[in-house]
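Visitor: Sharing a structure with you now.
Read-outs: derived from the displayed coordinates by stated rules, not from any lab. Since this is a predicted model, take the numbers as computed values, not measurements. Note that we place each Cβ from the backbone using ideal geometry, even for glycine, and neighbour counts take in every protein chain shown.
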């Protein structure tokens with residue numbers, strides 16, 4: 001009988017950053033493929049993401065978790081406490097920013113474990129609720145988070161403008 005290593009969710013460490021950078025870059029590329037005008041992508045994305053997450057490891061308002069199978073990191077979750085935001089009428093909350101599991105490790109409950117651990121960590125930090133954004137084309141993530149009890153609260157819409165000509169927004173009546 002083949003044994004697999006159990007999944008352990010733990011706080012991410014600096015030694016995890018190359019893998020987290022690779023996973024984060026894959027997530028960024030997926031978003032960019034869904035809508036390249038809305039989601040930027042700067043190469044080398046792996047190094048950029050590793051730099052950003054390394055910076056966030058030192059942020060006391062941030063939580064970065066790694067899911068490890070033995071010594072190998074197979075997924076991560078990243079969130080932080082966000083203050084009240086009058087522009088979006090969002091009170092202080094825990095914000096899920098990223099949740100990513102490598103494709104070959106999906107379907108094993110790793111995403112569920114990461115999400116539950118991130119929510120718990122944000123709650124321990126004082127979050128009265130947890131908020132997240134999901135790309136409109138990422139139906140799998142929408143189903144995943146709905147199954148966890150999240151509800152839709154906002155729809156983001158984008159309009160690309162031509163910098164060469166000022167125009168007025170079109171009205172459809």
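Visitor: So if each residue of separation counts as 0.36 nm, and I subtract the Cα-Cα distance between residue 85 and residue 15, what length gain in nm does that give?
Guide: That pair, residue 85 and residue 15, stretches by 21.8 nm at full extension.
Visitor: From the C-alpha gyration tensor of the stretch 7-147, pull out the three semi-axes of the equivalent ellipsoid (sqrt of 5λ each), sorted largest to smallest, in whole Å.
Guide: 21, 19, 16
Visitor: Using r as the Cβ-Cβ distance of residue 143 and residue 104, and R0 as 25 Å, what FRET efficiency do you calculate, to the nearest 0.05?
Guide: Working: r = 20 Å, r/R0 = 0.81.
Efficiency at R0 = 25 Å is approximately 0.75.
Visitor: Separate question: In percent, what relative contact order does the stretch 7-147 have, based on Cα pairs under 8 Å that are 6 or more apart in sequence?
Guide: 22 percent
Visitor: Something else now. Evaluate 2.2 N^0.38 Å with N set to the residue count of the stretch 68-163, then give the Cα radius of gyration divided by it. Mind showing how you got there, number by number?
Guide: On the way: Rg = 15.2 Å, N = 96, 2.2 N^0.38 = 12.5 Å.
Dividing the Cα Rg of the stretch 68-163 by 2.2 N^0.38 Å gives 1.22.
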